[in-house]
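Enquirer: Questions regarding the structure given below will be posed in turn.
The values are calculated or read from the model by the stated rules, or taken from the named source; none is laboratory data. These figures come from a predicted structure and were not determined experimentally. Heads up, the Cβs are rebuilt from the backbone with ideal geometry, glycines too, and the neighbour counts pull from every protein chain shown. The protein model used for the area step is the full one, side chains on, heavy atoms only, and it has no ligands, DNA or RNA in it. Shrake-Rupley method; radii C 1.70, N 1.55, O 1.52, S 1.80 Å.
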Amino acid sequence: MAKALVVVESPAKAKTINKYLGRDFKVVASMGHIRDLPKSKLGVDVDNDFAEEYVSIESRKKVIKELKDAAKEASDIYVATDPDREGEAIGWHLTQELKGKRRKIYRLTFNEITKKAVQDALKHPRAIDEKMVDAQRARRVLDRLVGYKISPLLWDKVRRGLSAGRVQSVALKLVCDREREIEAFVPEEYWNIFARLAGPQPPEFEAKLLKRGGDTIKVVNEDQSKGVLADLEGASWTVSSVTTKERKRHAPPPFITSKLQQASRFPVKKTMMVAQQLYEGGIEIPNLAGGLITYMRTDSVRVAEEALTAVRDYIKGAFGEQFLPEKPNVYKSKADAQDAHEAIRPTSLEHDPESVKQYLTQDQYSLYRLIWNRFVASQMPPAVFDETTVDVAAGDYVFRVKGTVPKFAGWMATYGLTPGEAEQPEKDKDDDDDSVSGVLPPLKEGDRLELKALRPEQKFTQPPARFSEATLVKELEENGIGRPSTYASIIAVLQDREYVNKIEGRFKPSALGRMINDLLTASFDDIIDVDYTRSLEDDLDKIEQGTANYAKTLSDFYKKFKKDLARAGKEMIDLKKGIEIGEACDKCGSPMLKRVGKFGPFIACSAYPECTNTREVEQQEPESENGDEEIEPCENCGKPMAVKRGRFGQFLACTGYPECKTTRKLIATKQGGLKAAKPDQVLDEKCPRCGSNLVVKQGRFGEFTACTSYPECKYVKHKTTGVKCPKDGESAGGEIVERKSRRGKVFFGCSNYPDCDFVLWNRPIAEACPKCSAPFLVEKVTKRHGRQLICNNEECDYSRSEELPETAA
């Protein structure tokens with residue numbers, strides 16, 4: 001009997017779904033897209049209703065053959081790709097490849113990979129949604145037209161290898177516009193004045209200056225600050241008013257994709273990768289055959305009725321009746337949300353984060369707990385607290401302080417928080433409230449207070465912050481640019497093309513990125529306009545809804561775009577020829593030009609090749625170790641070191657080149673920036689192999705000590721474990737030392753390498769095995785068993801558990 005064929009996108013998803021279906025079904029994976037527009041040409045007939053030419057993706061040809069062979073023997077075919085536009089388009093391409101006269105092809109969609117969801121989908125198969133497919137086809141064609149028409153223009157005017165994208169270029173513009181705001185920002189000085197006060201009962205508290213003579217006061221310099229302090233000398237301090245109001249803080253809705261990307265501590269790309277793992281169900285967990293979460297690409301906050309029932313039962317049992325609202329909380333999705341599937345939530349309330357933690361990686365557990373807590377909290381009542389505002393009169397001045405007292409934790413109980421500790425959205429500016437908050441003593445109107453101290457504090461207004469991944473996603477979302485599923489690729493392309501640098505976790509446009517943005521803004525102001533791009537997203541939504549036409553939408557776009565292209569071909573500045581910067585060459589007097597080379601923008605003499613004078617355009621400034629010291633000068637000639645860009649990225653080079661050819665590495669910091677590596681430090685210690693001095697150098701994985709005679713002598717001093725090598729320790733004096741692999745992973749090998757190839761992955765301990773007398777034990781540390789000392793002899797089963805040393809804990 002012929003089997004029905006079910007086609008999904010990934011092997012992990014196929015493995016999970018295969019568990020739910022009987023032997024009458026065969027589940028296979030397409031490995032994502034199987035067809036696309038050709039790379040070698042446009043692939044879109046702009047004169048024939050924008051008909052596309054699709055070709056098989058080279059790496060998928062073997063998969064397509066296997067799918068076709070499986071389809072020949074199938075009674076029916078079910079396409080069970082992801083339940084969004086992208087998944088619908090992949091399903092459409094599959095039907096084009098697998099359709100036959102005798103075979104019927106059905107579409108299956110489910111929001112979660114559970115047995116019930118899959119079996120319910122099988123009961124209600126449908127046809128491919130042509131309108132959804134048209135919307136995705138239109139997006140693909142728009143992206144191809146912009147990318148394949150503008151990118152060659154940049155190759156011609158700037159250099160090969162550059163790219164422009166419909167949404168990518170808008171994101172770059174947002175980053176560049178923010179940088180211009182920062183550069184144009186002029187800080188303004190202001191002063192806060194705080195009074196440390198004591199009431200009839202402890203504790204002491206601090207209030208902040210708010211008014212003078214009934215009007216809000218702004219102290220803008222030190223003289224005004226001193227004037228206020230002088231006015232307050234000898235003043236009596238009295239409570240003028242005490243106001244208490246009950247405030248409620250409502251729970252946030254369950255996650256949609258963009259909010260998850262903003263709340264996660266991971267980069268956007270990693271967030272989506274880990275979420276995919278939680279969704280597909282490839283994690284082996286007892287009593288769980290499917291995924292842990294629902295589909296992770298959604299912009300709807302809708303939740304299924306059965307999920308609401310389950311979470312309400314969970315809340316009642318875990319927190320008590322008082323934490324359960326009378327009715328389920330209902331949240332409203334954005335007006336332009338595609339409501340095809342639910343919010344991101346756990347598939348089952350039976351698998352809480354702690355019960356499955358041992359089966360998850362730390363990243364999977366962290367993200368699952370975030371999703372779990374948000375979903376449970378979303379169906380709990382508001383947090384309630386009393387907010388008390390106390391105004392204090394001192395002569396003509398009024399100071400204010402606020403205090404909050406929790407009354408009911410509500411949804412914050414999920415996080416173990418009080419109302420004052422809940423997660424706050426990221427701020428781009430230092431927002432000063434008109435008061436300070438703190439623990440207040442019992443106070444009433446008319447109470448006399450004792451002044452303990454007056455504290456003036458100088459401050460300056462701050463420029464808007466550069467975008468982090470989370471705030472850039474928020475900006476894209478709020479402006480309707482792209483879709484949640486595309487945010488990760490947008491950010492990745494900006495970094496891969498070196499249009500932006502990530503400094504301390506925030507994006508700064510590179511010199512190349514700013515030049516590209518300026519060129520595109522001048523020639524394609526509408527294409528990279530935020531409002532225009534948002535309107536295109538609306539048009540794609542209308543195609544999906546059936547209220548707009550594929551060909552007409554593309555035609556309206558292309559009419560204007562074609563004119564812009566023609567004008568840009570004539571008017572766009574040719575950076576290959578260079579732009580005069582109004583500066584003469586300090587070597588020959590010829591005009592200096594700004595040009596773009598293989599490694600980015602640079603300044604060069606127009607008399608090249610007769611004059612080879614060049615210099616770098618400002619690059620990302622490296623940090624020092626403590627963030628405020630200047631880069632050390634060249635250790636060989638004393639001249640300043642300058643940032644250069646080479647084949648492998650940025651580095652420091654002596655400005656005395658070519659007479660002095662000293663270079664120094666730039667290494668990444670934990671904050672995502674760069675810092676100068678320390679200069680090589682020659683030691684008095686001699687190399688045990690050749691007698692030359694040893695030197696401390698900065699390598700890819702940190703400092704190391706090696707011979708100054710490299711490459712003639714390749715001795716590297718390693719950290720010893722104090723254990724003799726069992727292979728040549730007696731004959732050649734080899735010791736087991738700590739080493740690092742090419743990927744930075746620590747392992748242990750003989751100090752006489754390469755003459756001796758003995759290696760261990762676990763750290764050796766200088767203790768003989770009590771059972772078989774082997775010369776050493778090895779240390780093994782796992783999440784489940786902690787630290788264990790075991791015998792390295794395969795024929796001996798000795799092991800014991802021990803506490804981790806304090807330095808390792």
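Enquirer: Output the pairs from Lys62/Lys563; Lys123/Lys542; Lys62/Lys559 with a Cα-Cα distance over 32 Å in this structure; if there are none, say none.
Expert: The answer is Lys62/Lys563; Lys62/Lys559.
Enquirer: Modelled label-to-label distance, Asn793 and Asp231, 7 Å Cα→beta-carbon offset: nm?
Expert: Here the modelled spin labels are 8.7 nm apart.
Enquirer: Residue-wise, which Karplus ³J(HN,Hα) couplings in Hz belong to segment 29-39, taking 6.51 cos²θ - 1.76 cosθ + 1.60, θ = phi - 60°, and x for glycine or proline?
Expert: 10, 8, 6, x, 5, 10, 9, 7, 5, x, 7
Enquirer: Carbon-plus-sulfur fraction of the accessible area of the chain, 1.4 Å probe, in percent?
Expert: Result for the chain: 48 percent of the exposed heavy-atom area is carbon or sulfur.
Enquirer: When a/c is below 1.5 the answer is rounded, else prolate if a/b is larger than b/c, else oblate, so apply that to segment 26-162 with a ≥ b ≥ c taken from the square roots of the Cα gyration tensor eigenvalues.
Expert: Prolate is the answer for segment 26-162, as a/c is 1.5 or above and a/b outweighs b/c.
Enquirer: May I pose another question? Tabulate in residue order the Karplus-calculated ³J(HN,Hα) for segment 365-371, using 6.51 cos²θ - 1.76 cosθ + 1.60 with θ = phi - 60°, rounded to whole Hz; enter x for Gly and Pro.
Expert: 4, 4, 6, 5, 4, 4, 5
Enquirer: If you average the alpha carbon positions of segment 235-265 and of segment 708-727, how far apart do those two centres end up, in angstrom?
Expert: Each part reduced to its Cα centre gives a spacing of 59 Å.
Enquirer: Gap in Å between the Cα centre of segment 728-787 and the Cα centre of segment 119-173?
Expert: 52 Å
Enquirer: What does the charge add up to near Glu738, with Lys and Arg as +1, Asp and Glu as -1, over the other residues with Cβ less than 9 Å from its Cβ?
Expert: Residues close to Glu738 contribute a combined charge of +4.
Enquirer: Filter the GluC sites (Glu not before Pro) in segment 154-218 down to the DSSP loop ones having no more than 15 other Cβ atoms within 10 Å, then list what survives.
Expert: Answer in residue order: Glu188, Glu204.
Enquirer: In terms of Cα to Cα distance under 20 Å, which aspartates and glutamates are near enough to Lys727, apart from those fewer than 8 places away along the same chain?
Expert: Glu735, Glu738, Asp755, Asp757, Glu767, Glu779, Glu794, Glu795
Enquirer: Past 29 Å, Cα to Cα, is the threshold; run Lys131/Lys560; Lys686/Lys724; Lys116/Lys316; Lys65/Lys259; Lys13/Lys104; Lys357/Lys502 against it and keep the listed order.
Expert: The pairs that break the limit, which is 29 Å between Cα atoms, are Lys65/Lys259; Lys357/Lys502.
Enquirer: Using all C-alpha to C-alpha distances in segment 131-239, build P(r) with 5 Å bins and read off the rounded percent in each one.
Expert: Pairs per bin, as whole percents: 2, 8, 10, 11, 9, 7, 6, 5, 5, 5, 6, 9, 8, 6, 4, 0.
Enquirer: Within segment 28-135, which trypsin sites (Lys or Arg not before Pro) sit in a loop by DSSP and count at most 10 neighbouring Cβ atoms inside 10 Å?
Expert: Those satisfying the criteria are Lys39, Lys41, Lys101, Arg102.
Enquirer: Oh, and also: Name the aspartates and glutamates eligible as straight-distance cross-link partners of Lys99: C-alpha to C-alpha under 15 Å, and not fewer than 8 places from it in the same chain.
Expert: Result set, ordered by chain and number: Glu66, Asp69, Glu73, Asp76.
Enquirer: Same structure again: Taking amide hydrogens as modeled 1.01 Å from N in the peptide plane, which residues meet the under 5 Å criterion relative to Gln650, leaving out close sequence neighbours?
Expert: Residues meeting the criterion, in which the H sits 1.01 Å from N, do not exist here.
Enquirer: Ordered by residue, what ³J(HN,Hα) values in Hz, to whole numbers, does segment 258-271 give under the Karplus form 6.51 cos²θ - 1.76 cosθ + 1.60, where θ = phi - 60° and Gly and Pro are x?
Expert: Here the 3J(HN,Hα) series is 5, 5, 5, 5, 6, 7, 5, 7, 8, x, 4, 4, 5, 4 Hz.
Enquirer: What residues have an amide H closer than 5 Å to that of Ile765, excluding those fewer than 5 places away on the same chain, when H is modeled at 1.01 Å from N in the peptide plane?
Expert: Leu777, Val778, Glu779
Enquirer: Does the chain come out rounded, prolate or oblate, given a ≥ b ≥ c as the square roots of the eigenvalues of its C-alpha gyration tensor, rounded meaning a/c under 1.5 and, failing that, prolate meaning a/b above b/c?
Expert: Because its axes are fairly even, with a/c under 1.5, the chain counts as rounded.
Enquirer: Reachable aspartates and glutamates from Lys577, Cα under 12 Å, same-chain residues fewer than 8 places away excluded?
Expert: Partners found: Asp156.
Enquirer: While we're looking at this one, here's another question. Gap in Å between the Cα centre of segment 497-574 and the Cα centre of segment 185-212?
Expert: Between the Cα centres of segment 185-212 and segment 497-574 lies a distance of 49 Å.
Enquirer: Still on this structure, I have one more. Over the heavy atoms of Val530, what accessible area does a 1.4 Å probe trace out, to the nearest 10 Å²?
Expert: Around 30 Å² of this residue is reachable by solvent.
Enquirer: Separate question: Going by amide H atoms built from the backbone, whose H comes under 5 Å of the H on Phe747, apart from near neighbours?
Expert: The answer is Arg739, Lys740, Ser741.
Enquirer: Let me ask you something else. Please give me, ordered by residue number, the chymotrypsin sites (Phe, Trp or Tyr not before Pro) of segment 704-779 that lie in loop per DSSP and have at most 14 other Cβ atoms within 10 Å.
Expert: Answer in residue order: Trp761.
Enquirer: Shifting gears a bit: To the nearest 500 deg cm²/dmol, what mean residue ellipticity at 222 nm is calculated for the chain from DSSP H runs of n ≥ 4 alone, each contributing -39,500 (n - 2.57), summed and divided by the residues?
Expert: -9000 deg cm²/dmol
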